[in-house]
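Here's the structure, in C-alpha cells; my notes come after.
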Amino acid sequence: MKEILKRVMSDGRKIFLLVGYAGSHNRGAEAILRTTLLMLRTEFKNALFVVSSRKYATERTIDYGEDVLFIPSHSSKMHKRYSFGWIYKQALRVLNSKKMLDNQFLPIVPYLEKAETVISIGGDNYTCDYGSLAYFLNLNKMVKNPGLKLFYVGEKRFGTGNVASQ
C-alpha cells in the first residue's frame, strides 16, 4: 500500500479518502459508494479513491475500477480484556486521545495525511441503530485534527431502529 501511495503522490493525483463503508453485503451502502464514486469521477478525472472498509478483504475482490483502493477501516489488533495491551489502550483513551486515535485508525493514517478530502459514506452511520457512535465520532476527530475537509454522504430512514430510545 505504501508503494501505491508513493506512486500516486509522485504523479500529482488527488486522493479522496472514503471512510465508514460497511461493505457490499449491505446493498444500500454499496449503492451509496458506487454513486459517490460515479459523481467524483465526473469531476476529478485522475484521482485515487481510497475506501476504508470493515470488510476490506472481501471488497478488494470486487471490481470498482483501477482508481479504487480498499484498506482496513481500523487496526485489527484486539487485546484480551485486562491484558497489558488492553490496559495500555484504555490508558491512552484517558491520557492521550490523539495517540489512541492514531492507534485505532492505524491503516487510515498514511492516507489521511495525503488526502485532499475525506468523505464519510454510509447509510445510517450517525444513528444509534446499530449501537455506539464512538467509532464514527472518533473517526471525525481524526479528520478534524489535520484540518481536512469532511463531507457526509448517506441516507437516514426516520422512525426505524432504537433512535428514539437513545
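Label separation (Phe151 vs His25): 2.9 nm, computed from points 7 Å beyond Cα along the C-beta direction. Over 24 Å apart at the Cα level, from the set Lys89/Lys114; Lys80/Lys114; Lys55/Lys141, are Lys89/Lys114; Lys80/Lys114. Listed by Cβ neighbour count within 10 Å, with the fewest neighbours leading, Ile87, Ile15 appear as Ile87, Ile15. Computed from phi, the 3J(HN,Hα) profile of the range 42-47 under the Karplus parametrisation 6.51, -1.76, 1.60 (θ = phi - 60°) reads 5, 8, 10, 5, 10, 9 Hz, with x in place of Gly and Pro. Applied to the range 27-37, the Karplus parametrisation 6.51 cos²θ - 1.76 cosθ + 1.60 on θ = phi - 60° returns per-residue 3J(HN,Hα) values of 4, x, 5, 5, 4, 5, 4, 4, 5, 4, 4 Hz, with x for Gly and Pro.
Where a number appears in this text, it was derived from the coordinates with a stated rule and is not lab data. What you see is a predicted model, and the numbers here were worked out from it, not measured in a lab. Note: ideal-geometry Cβ built from the backbone for every residue, glycine included; neighbour counts use all protein chains shown.
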